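Here's the structure we're looking at; comments come further down.
The values are calculated or read from the model by the stated rules, or taken from the named source; none is laboratory data. Keep in mind the model is a prediction, meaning the values are calculated, not measured. In this analysis, Cβ positions are derived from the backbone assuming ideal geometry, glycine residues included, and neighbour counts consider all displayed protein chains.
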Protein chains: 2
Amino acid sequence: MEQSFIRDLASIVGSEYVLSDRESLACYGYDATPELESAPGAVVLPAHADELARIMARCHSAGVPVTARGSGTNLSGGSLGTPTGIVLQTSRMNRVIEIDKENLTISVEPGVITSAVHRAVEALDLFYPPDPGSMNISTIGGNVAENSGGLRGLKYGVTADYVMGLRTVLADGNLLATGGKAVKDVAGYNLRQLLVSSEGTLGIFAEVILKLIPKPAAKKTMLAHFPALEQAALAVSHIIAARIIPSTLEFMDRVTIKCVEEYAHVGLPLDVDAVLLIEVDGHAAQVGDDAAAIGEICRKEGCSLFQEATDPAMALQLATARRVALSALARVRPTTILEDATVPRSCIAPMVTFIQKTARKYDLTIGTFGHAGDGNLHPTCLTDERDRDEIARAHQAFAEIFAAALDMGGTITGEHGVGLAKKAYLPQLVGTTGLAVMGGIKKAFDPSGLLNPGKVF
Amino acid sequence: MEQSFIRDLASIVGSEYVLSDRESLACYGYDATPELESAPGAVVLPAHADELARIMARCHSAGVPVTARGSGTNLSGGSLGTPTGIVLQTSRMNRVIEIDKENLTISVEPGVITSAVHRAVEALDLFYPPDPGSMNISTIGGNVAENSGGLRGLKYGVTADYVMGLRTVLADGNLLATGGKAVKDVAGYNLRQLLVSSEGTLGIFAEVILKLIPKPAAKKTMLAHFPALEQAALAVSHIIAARIIPSTLEFMDRVTIKCVEEYAHVGLPLDVDAVLLIEVDGHAAQVGDDAAAIGEICRKEGCSLFQEATDPAMALQLATARRVALSALARVRPTTILEDATVPRSCIAPMVTFIQKTARKYDLTIGTFGHAGDGNLHPTCLTDERDRDEIARAHQAFAEIFAAALDMGGTITGEHGVGLAKKAYLPQLVGTTGLAVMGGIKKAFDPSGLLNPGKVF
């Protein structure tokens, strides 16, 4: 990257906020996605929307690509820049601008950490439900760009359901304001929901207005252990059929249970095929009724142990089993390929069975955990990227797993995004008509193709 | 319209389903929007998706514009065709394709009537919340195209929040499938949410998959009468501040109350400035607690009468007062201009006050009712389109009302769409950058500009 251009960027944000030394570029050369690396030409850290817009305008006139990056927790290579472009690092834009208690909104800059939003609003008895696994390090900007999910998605939906307004800097540096604090707005095309989950390819967020709801008055946490996978799947079906929507309805298979117990020693039995972590929340009476009904359903389906938290410490312990699943799996082998094949809820059992069969076929260790309630599974392959043969088998296995998900009416990614990692699978899902329309939309926002080039399609 | 082209269309759907006689065209020359009329060149009624796609392909190759129409309840002129084009009438595509009790979805053709969906799913203890005022005649296709709201929007959201999947026929006759039964899906751009509220300008729906939720176990209906507008607005604020989200929180002003009472004789007192219709639903215990807290808040704010339904018949009677508001207003004068200026919830009182002041300034009768909980107001001007002077004053008044809504951080339309009626206001709201992006999106879907030409922008 030319020194004169680096100086231009430094004149906007200050020289200490433009990184171009080899060590820094190496640090920004990867994100949470295995096997992918690509160091950018420079890293720029604007302090506020105005600096962001000026950086974008400068890059636009120079034809330099821009990739936005929050905390780099992306799992599809979506926050990796290119050697000829810059990474736009949002971590300095981390102010909570306003909490509006009357309209139940919070306005934040993109670099605010997700769990900081949780803490800020829960102190006021308000609630921001989306809780992606990475919430203690991930940023709101990244959550919006990827439409992050989380453990409470079944009842409360995903990030998109809480984005009321966006101020977005487009590729040419122009600001696009969409939505706001009005609950309803149908004036023109819904650019706001189009920008959500656009993975940094249509614009970079300068401000996000999020919807808040009242914090549930009560909550109950349960863990149900099932000797057989089918029993757990039937319990999920019967809970839904009983017209109960738990806030959390999470699943772990035998491989995951074993890794979690070895890592966290939370007392999981090792002789079961599946556990379900179930949480219900709301009015105390409803929570009591729902928990009792769920206990009955799980026992009827043959669960070998049904644990119901009697205090917050025990609730935390039960939830920990699921919260640490990824960390527990990740320590077993050097490389962890975490996928997010997603199916309709009714297909959870056949999908998990198919994943296990495919793991055996290709002689792989795959642990599966995830959001049973919304069909969003995380088959996680424990491997070693230096073993090229095993890696090749893993990719073959995932190709079959994605094809099966599509056959069941599912999708290739429920919450991790397409980025670089899933690009090859997108055409199969959206077809040539879908790809053509998406290409046209990309052109409408970013005719020169400078925003996060090479990602999505 | 050329007879050979009419015959082509008839060869696809059968000659009885292509209307081109003068009487039929006159009938399709208007919708529920006052002052606007435009008869199409022909009306075509396909029986299913395949006929729809073939009609679209034929029109595409002939360069003939297509305007989709459900029941014609549109309030912004969005279902009016052009003399050189056809109106694509969806009423024969009215099958409920499937109710999936495990995945909690219903799949319907676009011509299914909204309240038919309510009846079908409520029989199974399921719930489809969106309930636009026109729900007994409006179609799901129209609801999705306009992103219709309704009285339950505060707690349950609008149509967009329930659209999980769409099969859409594009301008060239190609089918675009987006979304499905998987709860989470972030593969590629969110074309589904872009198609929702696109007002027939991007594609015509062949099938809609809607999300269902469990039917609330209990419900309570209340009506609170307030001597002063400010008291009602404060009650709304304090209900929200008490972390209660009613399913319905509706408002009527003095003009509306008077018209409703004269029309429906439901026992509304004529000496109050505002009534609030409030409904809470959910677990019986929660409903009881919420209703008690709401009663206390309303009394504290000085409500002169607080009615709480003691049985379903009384609940229906209380809700009727609000449900008939539009009909009651519409019978007073020959022409009813129903608008939908929308503001953040906190601005309800200043907005209603501004509307009343503006009505006096221009010597107009404007009754205001609407969704107080979500800031979506319906100032309704009772006028006579033959009185050109009064109509001109009405348009001036609404221009000021929209400007005030925008000043308060609101929008020009909360749920009725832009169509023809709001076109002039759109640039002010979305700006040149927004318009340019929307133009690019239109081009990506419909490069020849054949779908509902002249609408939105």
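Looking at region B:308-390, the helices (runs of 4 or more DSSP H) lying wholly inside it that each contain 2 or more residues that are under 17 Å from B:Glu279 (Cα atoms) and in contact (Cβ under 8 Å) with a residue 12 or more places away in the chain sit at B:312-323. Say we look at region A:129-188 and pick out the residues that are within 30 Å of A:Ala62 (Cα to Cα) and charged (D, E, K, R); which of these is surrounded by the most Cβ atoms within 10 Å (Cβ to Cβ)? Checking each candidate, the answer is A:Glu146.
Check whether at least one residue in region A:205-218 is among the aliphatic types (A, V, I, L, M), farther than 17 Å from B:Asp374 by Cβ and facing another protein chain (nearest Cβ under 10 Å), and report yes or no. Yes: region A:205-218 contains one or more residues that are among the aliphatic types (A, V, I, L, M), farther than 17 Å from B:Asp374 by Cβ and facing another protein chain (nearest Cβ under 10 Å).
Candidates in region B:184-198 are the residues that are assigned to a loop (DSSP other than H, G, I, E, B) and out of contact with any strand residue (DSSP E or B) (no Cβ under 7 Å at 6 or more places or on another chain); of these, the one that is nearest to A:Cys347 (Cα to Cα) is B:Val186.
Could you say whether any residue in region B:398-411 is over 16 Å from A:Ala187 (Cα atoms) and of a type in the set (Asp, Glu)? Yes, there is a match, as at least one residue in region B:398-411 is over 16 Å from A:Ala187 (Cα atoms) and of a type in the set (Asp, Glu). Can you find a residue in region B:52-65 that is crowded, with 17+ Cβ neighbours inside 10 Å and of a type in the set (Ser, Thr, Tyr)? No: zero hits. Yes or no: region A:87-110 includes at least one residue that is out of contact with any Pro (no Cβ under 9 Å at 6 or more places or on another chain), buried (at least 23 other Cβ atoms within 10 Å of the Cβ), more than 14 Å from every other protein chain (Cβ to nearest Cβ) and not in a strand (DSSP E or B). Yes, region A:87-110 contains a residue that is out of contact with any Pro (no Cβ under 9 Å at 6 or more places or on another chain), buried (at least 23 other Cβ atoms within 10 Å of the Cβ), more than 14 Å from every other protein chain (Cβ to nearest Cβ) and not in a strand (DSSP E or B).
For the condition without any contact (Cβ under 8 Å) to a residue 24 or more places away in the chain and either touching a His at 6+ places or on another chain (Cβ under 6 Å) or outside the structural domain of B:Arg119 (by TED's automatic domain parsing) (or both), B:Asp21 qualifies.
Residue-wise test of (1) within 11 Å of another protein chain (Cβ to nearest Cβ); (2) more than 15 Å from A:Gly70 (Cβ to Cβ); (3) modelled with pLDDT under 95.
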| residue | (1), (2), (3) |
| --- | --- |
| A:Ala123 | no, yes, no |
| A:Leu126 | yes, yes, no |
| A:Met135 | no, no, no |
| A:Gly142 | no, no, no |
| A:Gly150 | yes, yes, yes |
| A:Val158 | yes, yes, no |
| A:Asp161 | yes, yes, no |
| A:Gly165 | yes, yes, no |
| A:Ala182 | yes, yes, yes |
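The set of residues in region B:391-419 being buried (at least 24 other Cβ atoms within 10 Å of the Cβ), among the β-branched types (Val, Ile, Thr) and either without any contact (Cβ under 8 Å) to a residue 40 or more places away in the chain or farther than 17 Å from B:Pro350 by Cβ (or both) consists of B:Ile412, B:Thr413, B:Val418. Filter region A:209-256 for residues that are modelled with pLDDT of 95 or more, among the small types (Gly, Ala, Ser) and assigned to a helix (DSSP H, G or I); which is surrounded by the most Cβ atoms within 10 Å (Cβ to Cβ)? Selected residue: A:Ala232.
Conditions tested, residue by residue: (1) more than 21 Å from the chain's Cα centre (by Cα); (2) at pLDDT below 95; (3) at negative phi.
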| site | (1), (2), (3) |
| --- | --- |
| A:Ala319 | no, yes, yes |
| A:Val324 | no, yes, yes |
| A:Thr342 | no, yes, yes |
| A:Ala349 | yes, yes, yes |
| A:Thr383 | yes, no, yes |
| A:Ala404 | yes, no, yes |
| A:Asp407 | yes, no, yes |
| A:Gly419 | no, no, no |
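Of all residues in region B:132-161, those satisfying the criterion of being hydroxyl-bearing (Ser, Thr, Tyr), outside any loop (DSSP other than H, G, I, E, B) and under 13 Å from B:Pro110 (Cβ atoms) are B:Thr139, B:Thr159.
Residue-wise test of (1) more than 13 Å from B:Val208 (Cα to Cα); (2) at pLDDT 95 or above; (3) of a type in the set (Ser, Thr, Tyr); (4) more than 14 Å from the chain's Cα centre (by Cα).
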site: B:Pro65; (1), (2), (3), (4): yes, yes, no, yes
site: B:Gln89; (1), (2), (3), (4): yes, yes, no, yes
site: B:Ile113; (1), (2), (3), (4): no, yes, no, no
site: B:Ala116; (1), (2), (3), (4): yes, yes, no, yes
site: B:Pro129; (1), (2), (3), (4): yes, yes, no, no
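Condition check: surrounded by fewer than 24 Cβ atoms within 10 Å (Cβ to Cβ) and of a type in the set (Asp, Glu). Does B:Glu122 satisfy that? Spelling it out, B:Glu122 is indeed surrounded by fewer than 24 Cβ atoms within 10 Å (Cβ to Cβ) and of a type in the set (Asp, Glu). Candidates in region B:302-331 are the residues that are hydroxyl-bearing (Ser, Thr, Tyr) and more than 23 Å from B:Pro379 (Cβ to Cβ); of these, the one that is surrounded by the most Cβ atoms within 10 Å (Cβ to Cβ) is B:Ser304. Within region B:275-290, is even one residue within 27 Å of B:Leu364 (Cβ to Cβ) and either at pLDDT below 95 or in contact with a His (Cβ under 7 Å, 6 or more places away or on another chain) (or both)? Within region B:275-290, one or more residues are within 27 Å of B:Leu364 (Cβ to Cβ) and either at pLDDT below 95 or in contact with a His (Cβ under 7 Å, 6 or more places away or on another chain) (or both). Taking the condition buried (at least 17 other Cβ atoms within 10 Å of the Cβ) and either closer than 13 Å to B:Pro379 by Cα or within 14 Å of chain A (Cβ to nearest Cβ) (or both), does B:Arg345 pass? For B:Arg345, the condition - buried (at least 17 other Cβ atoms within 10 Å of the Cβ) and either closer than 13 Å to B:Pro379 by Cα or within 14 Å of chain A (Cβ to nearest Cβ) (or both) - is met. Look at (1) touching a residue at least 60 places away in the same chain (Cβ under 8 Å); (2) out of contact with any helix residue (DSSP H, G or I) (no Cβ under 8 Å at 6 or more places or on another chain) and you find that B:Gly180 fails only one, number (1). Could you list, in sequence order, the residues of region B:66-86 that are among the polar types (S, T, N, Q), farther than 15 Å from B:Ala171 by Cβ and crowded, with 22+ Cβ neighbours inside 10 Å? Passing the criteria: B:Thr73, B:Asn74, B:Ser76, B:Ser79.
When we screen B:Val236, B:Val272 for residues that are in contact with a Lys or Arg (Cβ under 8 Å, 6 or more places away or on another chain), of a type in the set (A, V, I, L, M) and within 13 Å of another protein chain (Cβ to nearest Cβ), the only hit is B:Val236. Residues in region B:269-298 that are farther than 30 Å from A:Gly288 by Cβ and not small (Gly, Ala, Ser): 8 in all. If I filter region B:424-457 down to residues being basic (Lys, Arg) and within 10 Å of another protein chain (Cβ to nearest Cβ), which single residue comes out as nearest to B:Val343 (Cα to Cα)? The extreme case among them is B:Lys442.
Of everything in region A:167-180 that's in a strand (DSSP E or B) and more than 10 Å from chain B (Cβ to nearest Cβ), which residue is nearest to B:Ile348 (Cα to Cα)? Taking the candidates together, the pick is A:Arg167. Residue check: B:Glu415 meets all listed conditions (1) within 14 Å of chain A (Cβ to nearest Cβ); (2) of a type in the set (Asp, Glu); (3) over 18 Å from the mean Cα position of the chain (by Cα) but one, namely (3).
Selection of region A:398-412 for residues being among the β-branched types (Val, Ile, Thr) and at the interface with chain B (Cβ under 9 Å from one of its Cβ atoms) yields A:Thr411, A:Ile412.
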